[in-house]
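One structure below.
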Amino acid sequence: MERFKSFLFTAGILLLILAASASYVAIKNLTEVVSANRYEDEGVLMFQPYRVLPVQVENTGAVGRQRRMNPARTVYMVYYRDTEGNGYEWKQQALSREAGQAIVEAGVSAERRVLRIPDKGTYITVKPWEDAKSYTRGLQSKYVGFLVISSVYLVLYLLVWSIVRIRRFTRPE
């Protein structure tokens, strides 16, 4: 029984740290979401694939020693550019170099909506049916969901901790 209590305590602390971190990240990302009225809709453009390149990304699939020994992994990105020549680009991860090359050789176009942020000098591409409002609403709901789940755990942890502490001090000897 003592080992089980020790396991519960350790798991609870780890989940507490995870919930606190998730709350911090959610709040940080919520404050960084650009409001929908700051985007300029450039419309739906056609994008044509033109190359496949290897890109190094963080190796989030490995743990422990494997992650230390291999902190990055290679993925293949298919790069698209708009067919109207406005200079917009979009990239999408391919399963392998061969799969990416097959996409480029097939030349299948993709439609993307371009949302420009003039004051930052940047842009994003989203699915053609999305607009700035639905995009920002989706981001906000995702971050609020993370915040709610982590906050519920934090409150439950503090509640259970308080109950355990009260019982421990009010227990007759």
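The values are calculated or read from the model by the stated rules, or taken from the named source; none is laboratory data. In this text the structure is predicted, and so the values were computed from the model without any measurement. Neighbour counts run over all protein chains shown; Cβ positions are idealised from the backbone, glycine included. Side chains included, ligands, DNA and RNA excluded: accessible areas come from the protein's heavy atoms. Shrake-Rupley method; radii C 1.70, N 1.55, O 1.52, S 1.80 Å.
Observations
- Reach of K120 by Cα under 26 Å, taken over lysines that are not fewer than 8 positions away in the same chain: K28, K91, K133, K142
- Cβ crowding within 10 Å averaged over residues, with 63-73, 8-18 ranked highest first: 8-18, 63-73
- Between Q56 and E32, the simple spin-label model (points 7 angstrom out along Cα→Cβ) gives 2.2 nm.
- For segment 51-173, the direction-averaged projected area of the alpha-carbon convex hull comes to 14.1 nm².
- Per residue, segment 1-77 exposes 72 Å² of solvent-accessible protein surface, assessed with a 1.4 angstrom probe and all protein chains in place.
- Mean Cβ neighbour count within 10 Å, used as a protection proxy, ranking 100-110, 158-168 highest first: 100-110, 158-168
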